[in-house]
Amino acid sequence: LLPCATSDSANASEPIVRSLSCVIRRGALLESAHRLSQVEESLKAGDLYLHSLGAVFADEMASAKHAHLNRFFVIVPALTLSFVEQMLVAKEKLAKRARDAAFCDDGFAVGLAYVLRLLRQDADFAALRWFESVRAHCAAQRAALGRRGNSGNSGGNGSNGGGNSGGGGNSGVVGASRGRERDEANALALARIDAFESEFELLYYAHYSARIFFSD
């Protein structure tokens, strides 16, 4: 049988318990500090790696034999359109559970930021205001769909009124059917515009976030 602990023994063990808890807390703090230092060293190493990667190729890309890349920023809008269309197809495949599906891809954004930085064409590409143009284009398409829907509704109402006055009920039915088809087509077009603009917004934020990796 184990002896019962008396009050004196319990009081005597309290300093030991407090000391052990202090040691445990200090050990946990030291371990956390060590892990933070490892993370900091890894980030510094990655930062040095990215800067070294840019420094190694910068002079070579600025040489005369690569003069054809002096206007590389001009083809960036076409590259972004191709990428966005590819991502929309990949997401459709994901919804259908098909092969080669994907829901995100930041490799293009990082690569684009690296190449523009390497060629010193960040300012040239920014001067194109490409992403602002995409937003304006999507807004114009939405406005055009809205005008088309309003004009279709007014035309449909007029045709219905004429059909009723002439006693022809079939014209009203046909007009309503065409109106539903037009509304469905407009809804699908609007969904495509929203998906297109949303994908461009994701590319915009990914690209400008990736530029931090290669900043001075």
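What follows is calculated from the coordinates using simple rules that are stated; it is not laboratory data. Please read these numbers as outputs of a predicted model, since none were measured by experiment. Every residue, glycine among them, receives a Cβ derived from its backbone with ideal geometry; neighbour counts consider all protein chains shown.
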Residues residue 89 and residue 178, FRET efficiency given R0 of 35 Å [Cβ-Cβ distance, rounded to 0.05]: 0.65
Contour excess over end-to-end distance, with Cα ends at residue 120 and residue 64 and 0.36 nm allotted per residue: 18.7 nm
Spacing of the two label points (7 Å from each Cα toward its C-beta) at residue 128 and residue 140, in nm: 1.7
Virtual spin-label span in nm between residue 31 and residue 55, 7 Å along Cα→Cβ: 3.8
Segment residue 201-residue 106, extension gain: residue separation times 0.36 nm, minus the distance between their alpha carbons: 32.9 nm
Net length gained if the chain between residue 209 and residue 96 were fully extended (0.36 nm per residue, minus Cα distance): 37.6 nm
